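Below is one structure, written out as structure tokens; the observations come after it.
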Ligand SMILES: [Zn+2]
Ligand SMILES: [Zn+2]
């Protein structure tokens, strides 16, 4: 995996790693009864433009048209920058007739931040149709279970409430006042962030800035009763489930599309921190997009980051190699026999690797090793004349000439022994 290449392709050799994490995703989604959805990568701009304001590091103040990767100049389509948004595709949402929908997805997303185009791999889940805090807890517990399934232990769950359109403006007013009052005391990069995005630079490492930030208004002090009750109930349920969490009252950046509960999952590896993903409730956004009241909660994980972490922690386990047979003919004129035998092997569900016609024994050894072949079948003209074929059992180092009618029996017997011995 090359983390520097934003558009890196996944080679056949690396595919098992992706299958490894996707298997864990699917296992947990099945337990929670979530249904997979595959949305189109290409979506109408009219839909995508509705989420300008919820892109990472982008606040309401600097919305511009560079964030969505448009297709062509005059097109009214773009690439999805997030899978959540594509779930609200008009055609898809119109087909969801159930009052509650539990959905999950894996796929690529494309972002275009200030002409810096990038591809990400996202895995996520959404619950549409439940307004109660139970949905938040279900999503959080599910997200944690996925990471645990993958063997991750040192996980930190941060939670906060991001209020609602009713109570958040009061907090924003207080924050603005605070910023104006303290602006001169901040470092240059903080001032830049404040001026461009009207928010505090929470990642600033300066001790002085951090000290000022810690005094900034907390959104939790401004929550209305409904939001407060929702937040309390979520925390109560998490405690009941023995799910450890840390409250991050200053944690409200990059969550402009959420309302009420927000959370993020941080994995630690020594000094390194991996922000694997997060989520929350986004009723307001769902209403903004669909025009209807639609309670919604979701989360997503950065699959690429997750893979990098699992790789580092040596938590990726390759699957056990399956039984394979290598088949090839000595001469081109034996191709008809070759294809008949291959078909017979395929009919019996035997994994068959095709060798090159007339290949040398060194090549045979090389391919057999690379493709994990336990048996080799060589079609030779002189043997074929007496209805036979060369069969090599590589596990027992046995070479014998067998009748064509015996191929399936011999290979199948060897395969069964191999599978039992595994
Ligand atoms: Zn509220
Ligand atoms: Zn600073």
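What's the total number of residues in the range 369-379 that are under 21 Å from residue 409 (Cβ atoms) and either assigned to a strand (DSSP E or B) or touching a strand residue (DSSP E or B) at 6+ places or on another chain (Cβ under 6 Å) (or both)? Of the residues in that region, 6 qualify. Of all the numbered requirements in (1) out of contact with any helix residue (DSSP H, G or I) (no Cβ under 9 Å at 6 or more places or on another chain); (2) over 23 Å from residue 140 (Cα atoms); (3) within 16 Å of ligand 1 (Cβ to nearest atom), residue 225 misses one, and that requirement is (2). Of all the criteria given as (1) modelled with pLDDT of 85 or more; (2) out of contact with any strand residue (DSSP E or B) (no Cβ under 7 Å at 6 or more places or on another chain); (3) more than 16 Å from ligand 1 (Cβ to nearest atom), the one not satisfied by residue 158 is (2). With respect to (1) without any contact (Cβ under 8 Å) to a residue 40 or more places away in the chain; (2) buried (at least 17 other Cβ atoms within 10 Å of the Cβ); (3) in a helix (DSSP H, G or I), the lone exception for residue 173 is condition (2). Residue 46 falls short on exactly one of the conditions (1) at pLDDT 80 or above; (2) out of contact with any helix residue (DSSP H, G or I) (no Cβ under 8 Å at 6 or more places or on another chain); (3) assigned to a loop (DSSP other than H, G, I, E, B), and that condition is (3). Inside the range 177-193, can you point out the residues that are assigned to a helix (DSSP H, G or I) and either surrounded by 14 or more Cβ atoms within 10 Å (Cβ to Cβ) or in the same structural domain as residue 139 (by TED's automatic domain parsing) (or both)? Within the range 177-193, 178, 179, 182, 189, 190, 191, 193 meet the criteria.
The values are calculated or read from the model by the stated rules, or taken from the named source; none is laboratory data. Here the structure is a predicted model, which is why all the values come from computation and not from measurement. Please note: Cβ atoms are built from the backbone with ideal geometry, for glycine as well, and neighbour counts cover all protein chains shown.
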